[in-house]
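Since the structure comes first, as structure tokens, the remarks are kept for the end.
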Amino acid sequence: MRGTVIMWSGDKGVATAGGQRYDFDIDHWQGNIAPAANMTVEVATTDGRLASLTPISEAELAKEKLAAMTGEGGKYAKAIFDNVGKDVAIGYGLFFIIAVFVSLTSANGFIDIKITLTDLLSGDMARAALGGGSGKGFFLVLLATATIAVPYFWKHKFAPLAFAVPLLFTFIGLWPLYKQHRAQQDAMEAMGELGQMMGQMAEQMGGSTGSLFESLGIGAWLLFATAIFLAFKGVMRFLARG
């Protein structure tokens, strides 16, 4: 059983384990390092009497703590999964994958680069255009994904409405694309005939100066569909609770 050295002085010490105190000396010690106060040890007894003390390494303690945390996390994950249902859990999983890994723009759009929701939520379109969104965007996607657990931990009739957060973050992320597209359209309209000529040239070269919807790729529509589904499920559960 596990115990703790509470005192060591000279060649004698005291350890505690299972609510019992054990006096020990160096003959009981099975380690290559000297005993020290607060050291975690494995206590072996025979007929209720101390047989040996073996120190537990920091690496072993870290592994045990990690295993305990993983087990606890797995327990909560299963409980949350059972609480929200398979369809909502799959929806959140798809949202996270699409938001982090799938480009939202089409190859022939007015922005001919790959940009994910994580990039857009970074709040820096210049960095996002280079595919270098900051960690802020990834954190916000994680935050949106974590709302799956809100109804489990917060037993309130409004809790299911948290399922609408992924949709909210999707709109927030795509807003800069809309503003950039509108700025481009306004600039071309202000240039009159020259702007029309430039638009025609861009179309002949394979570009697009049409609506924003033409510039969104399949990733954006999948993201919208997933986020709308989650919001719908949240609203329906809220209404069902009255």
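General observations
- Qualifying residue in region 46-60 (condition: in contact with a Pro (Cβ under 9 Å, 6 or more places away or on another chain), loosely packed, with under 12 Cβ neighbours inside 10 Å and on the phi < 0 side of the Ramachandran plot): no
- Count - residues of region 24-43 that are free of Cβ contacts under 8 Å to residues at least 40 places away in the same chain, surrounded by 10 or more Cβ atoms within 10 Å (Cβ to Cβ) and not aromatic (F, W, Y): 12
- Selection count where residues are surrounded by 12 or more Cβ atoms within 10 Å (Cβ to Cβ) and more than 16 Å from the chain's Cα centre (by Cα), scope region 80-90: 4
- Taken over region 198-222, residues that are modelled with pLDDT of 90 or more and in contact with a Gly (Cβ under 9 Å, 6 or more places away or on another chain) amount to 0.
The values are calculated or read from the model by the stated rules, or taken from the named source; none is laboratory data. This structure is a prediction, so every number in the text was calculated from the model and none was measured. Backbone-built Cβ (ideal geometry, glycine too); neighbour counts: all protein chains shown.
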